[in-house]
Amino acid sequence: MAEQTDPRVLYPPRALRDYAFLGDGERGALLGPDGDLAWMCAPAWDSDAVFATLIGGAGCYAVTPVGRFTWGGSYNPRSLIWTSRWVLTDGVVECRDALALPADPHTAVVLRRIRVVEGSVRLRVVLDVRAGFGQQAMAAAADTGRGRTGGVWTGQSGPLAFRWWGASEATRTGDGPLMLTLNLLTAGDQHDLCLEISDRPLPRRRRGIRPDQLWAATESGWRERAGVPAAGTLARRDAEQALATLTGLTSSVGGMAAAATMSLPEHAGAGRNYDYRYAWIRDQCYAGRAAAAHGQLALLDTTVDFVAQRLLADGPDLRPTYTTRGGPVPAERALTHLAGYPGGTDRAGNQANHQFQLDTFGEALELFALAAGHDRLDLDGWKAIQTAVDAITQRGHEPDAGIWELDDRRWAHSRLTCVGGLRAVAGHAPARLARRYTDLADALLADVTADCVHPTGRWQRSPDDPRVDAALLLPALRGALPPTDPRSRATVAAVEADLVHDDYVYRFRLDGKPLGEAEGAFLLCGFLLALARHSLGDPVGARALFERGRASCGSPGLFAEEFDVDQRQLRGNLPQAFVHALLLETAATLATDPPSARKR
């Protein structure tokens, strides 16, 4: 029987909890337990994928032990350098993986270092570079006439050039992948592989590459970039990993990808398969707040600058989402040639690109106020504040798509978020402007009070939607009104009564179905309720929710958007930036005394 060479057969998709994330700020990759890079877009986050077996496409890069093995792994502290560890019948082998730093926006560099821990091992190495979500053939060696020189493979796939070091003995059958068998016979044996993929001609390297130097630069880069959590923070290791994840999702111009992936279904067959490889203004603000809570002001600065520049450019027409380098997000399109992740279909682009989301102006103001409190707001930041205030003045009465990006309504959350943002910046503005901001906040609060207070005294979603919504926990947490306000207390009580099951929190009741049937628990909301309990003087209840939330991750410690409680599975795109941001903020906040305790 002929050897199977199709990576889609060799490396089928696994449960999301099994994937590790590699990122360098300009792009990211998911690494499976079989050592398979099942997903990577190059050269940028929003480029077409070159490795797409995760969502049913061609293209993969794998280093896998031959024979029976069990898998584990871990990240280097404060980094996205991942080491897989495989225990075989006759040996133990590790593979260290990273996207090299410093990152080049045009060129991805994948480092892989294989080391035998004990015994002897045999490994299969597979490389199949397929640009265009798997549609572009890989031309290499004899196909291009360039062949192998100095142990290097060079080639092309669509518009991308690649160069592969350390695999001079690889072979290829027809138009299949490059394949190599490595036999490492004694403990301490080591083998390095380096893959470069670029949308520009790759420069000549007369002396080849020096793996030790590349690894040293990458390790140094992470030490310089990834911050340290605040002293005394809860779940310090998880907080460190959340900081590294947010850092790895953030480009050199400050745009942070909401997730590394696209089209991973939130619920099988429900059609909610979205492309999250873009920078949402709201998520940027969450990340900036989380970074500031741990004193990581460099990450705060990048988020502030990115949001300010988008506001100054687009004013009242601010988009909810941009590419990570500040450009427009393409319209959504179906990728019908792909099979999709099981239970989902494939789409690129995002329909949010043409939505109006009022709450983004309030989130931006809260972020700028936070920066001002740390004396980190420059002239552009102050100009952006005025731009956001003018936009709220002009458009605060309009229906919008809201935090959950649904149909346009006068969402209570959107208006209350603007109230909180206006109050926050008023505390840092000159007296004349502060009065204007406070007056506008008071008018907005009166407006939303007139049409969005439920007969039970809690906030309801919109004038024509009386349901409970966990997003309505946010206004009291962000200063729109005190946590002890009767409307705030009633909202917390309603969320706990209607949207919590076994300490998992859901967004709202969807389609009239029981919790868990329509969608998974929303991990962001679990951390919001933990913060709300803490603000009301319930540190034990807050800690219970925090621990439940932070346990809802895979082995590599990554969080998706949702958690399927019954099956204990991650759902949606991975890793989800705003979940990591709220974990990080909650870890810092819960380490302090609740407000009621501080007053005594």
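For the stretch 499-552, which positions are free of Cβ contacts under 8 Å to residues at least 12 places away in the same chain and over 23 Å from the mean Cα position of the chain (by Cα)?
LEU510, ASP511, GLY512, LYS513, PRO514, GLU517, VAL540, GLY541
Which residue pairs have Cβ atoms under 8 Å apart, sit 6 or more places apart or on different chains, and have a first residue in the stretch 414-435 that is on the phi > 0 side of the Ramachandran plot and without any contact (Cβ under 8 Å) to a residue 60 or more places away in the chain and a second that is among the polar types (S, T, N, Q) and outside any helix (DSSP H, G or I)?
Once the first residue is on the phi > 0 side of the Ramachandran plot and without any contact (Cβ under 8 Å) to a residue 60 or more places away in the chain and sits in the stretch 414-435, no partner that is among the polar types (S, T, N, Q) and outside any helix (DSSP H, G or I) comes close enough.
Among residues belonging to the stretch 209-219 that are out of contact with any strand residue (DSSP E or B) (no Cβ under 7 Å at 6 or more places or on another chain) and not hydrophobic (A, V, I, L, M, F, W, C), point out the one that is surrounded by the most Cβ atoms within 10 Å (Cβ to Cβ).
GLU219
From ALA446, ALA441, ALA424, grab the single residue that is of a type in the set (Gly, Ala, Ser) and within 20 Å of TYR286 (Cβ to Cβ).
After applying the criteria, what remains is ALA424.
For the stretch 351-397, how many residues meet the condition of being part of a loop (DSSP other than H, G, I, E, B), in contact with a strand residue (DSSP E or B) (Cβ under 6 Å, 6 or more places away or on another chain) and among the small types (Gly, Ala, Ser)?
Qualifying residue count, the stretch 351-397: 0.
Can you name every one of the strands (runs of 3 or more DSSP E) wholly within the stretch 1-79 that holds 1 or more residues which are small (Gly, Ala, Ser) and touching a residue at least 40 places away in the same chain (Cβ under 8 Å)?
Counting at least 1 such residues, we get 20-23, 28-31, 49-51, 60-65, 69-75.
Take the residues of the stretch 303-312 that are buried (at least 23 other Cβ atoms within 10 Å of the Cβ) and either in contact with a helix residue (DSSP H, G or I) (Cβ under 6 Å, 6 or more places away or on another chain) or not charged (D, E, K, R) (or both): which is farthest from LEU249 (Cα to Cα)?
The residue in question is LEU311.
Looking at the stretch 509-554 only, could you name the residues that are touching a Ser or Thr at 6+ places or on another chain (Cβ under 9 Å), closer than 28 Å to SER74 by Cβ and assigned to a loop (DSSP other than H, G, I, E, B)?
Within the stretch 509-554, no residue meets the criteria.
Please specify each residue of the stretch 173-190 satisfying the condition of being more than 16 Å from VAL63 (Cα to Cα), surrounded by 11 or more Cβ atoms within 10 Å (Cβ to Cβ) and not polar (S, T, N, Q).
ASP175, GLY176, LEU185, ALA187
How about the stretch 313-349: which of its residues are closer than 27 Å to GLN394 by Cα and surrounded by 19 or more Cβ atoms within 10 Å (Cβ to Cβ)?
LEU318, ARG319, PRO320, THR321, TYR322, THR323, VAL329
Being out of contact with any helix residue (DSSP H, G or I) (no Cβ under 7 Å at 6 or more places or on another chain), closer than 19 Å to PRO12 by Cβ and hydroxyl-bearing (Ser, Thr, Tyr) is the filter here; which residues of the stretch 322-347 pass it?
THR345
Just one of the numbered conditions (1) part of a helix (DSSP H, G or I); (2) at pLDDT 95 or above is not true of ALA259; which one?
The number of the failed condition is (1).
Go through (1) under 20 Å from CYS285 (Cα atoms); (2) in a helix (DSSP H, G or I); (3) free of Cβ contacts under 8 Å to residues at least 40 places away in the same chain and name the single condition PHE559 misses.
For PHE559, the failing item is (2).
Test of understanding: among LEU574, LEU584, LEU536, which residue is more than 18 Å from LEU477 (Cβ to Cβ) and in contact with a helix residue (DSSP H, G or I) (Cβ under 8 Å, 6 or more places away or on another chain)?
LEU574
Every residue in the stretch 84-118 that is within 16 Å of ALA216 (Cα to Cα), not β-branched (Val, Ile, Thr) and not in a loop (DSSP other than H, G, I, E, B), please.
Across the stretch 84-118, the qualifying residues are ARG96, ASP97, ALA98, LEU99, LEU111, ARG112, ARG113.
State yes or no: is ALA287 in contact with a Phe, Trp or Tyr (Cβ under 9 Å, 6 or more places away or on another chain), modelled with pLDDT of 95 or more and either surrounded by fewer than 23 Cβ atoms within 10 Å (Cβ to Cβ) or farther than 19 Å from PRO13 by Cα (or both)?
Here the answer is yes, as ALA287 does meet what is asked.
Is it the case, given these coordinates, that ASP46 is under 24 Å from ASP104 (Cα atoms), surrounded by fewer than 24 Cβ atoms within 10 Å (Cβ to Cβ), charged (D, E, K, R) and in contact with a Pro (Cβ under 9 Å, 6 or more places away or on another chain)?
When the stated conditions are applied, ASP46 passes them.
Residue by residue, here is whether (1) buried (at least 22 other Cβ atoms within 10 Å of the Cβ); (2) among the hydrophobic types (A, V, I, L, M, F, W, C) holds:
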site: VAL468; (1), (2): yes, yes
site: PRO483; (1), (2): yes, no
site: ASP498; (1), (2): no, no
site: LEU510; (1), (2): no, yes
site: ALA530; (1), (2): yes, yes
site: PHE559; (1), (2): yes, yes
site: ASP566; (1), (2): no, no
site: ARG571; (1), (2): yes, no
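Any idea which residue in the stretch 65-93 is modelled with the lowest pLDDT, counting only those that are of a type in the set (Lys, Arg) and surrounded by 15 or more Cβ atoms within 10 Å (Cβ to Cβ)?
Within the stretch 65-93, the match that is modelled with the lowest pLDDT is ARG78.
Being of a type in the set (A, V, I, L, M) and in a loop (DSSP other than H, G, I, E, B) is true for just one of ALA471, ALA434, ALA429, ALA443. Which residue is that?
Criteria check complete, one pass: ALA429.
The values are calculated or read from the model by the stated rules, or taken from the named source; none is laboratory data. This is a predicted model, so every value here is computed, not measured. Heads up, the Cβs are rebuilt from the backbone with ideal geometry, glycines too, and the neighbour counts pull from every protein chain shown.
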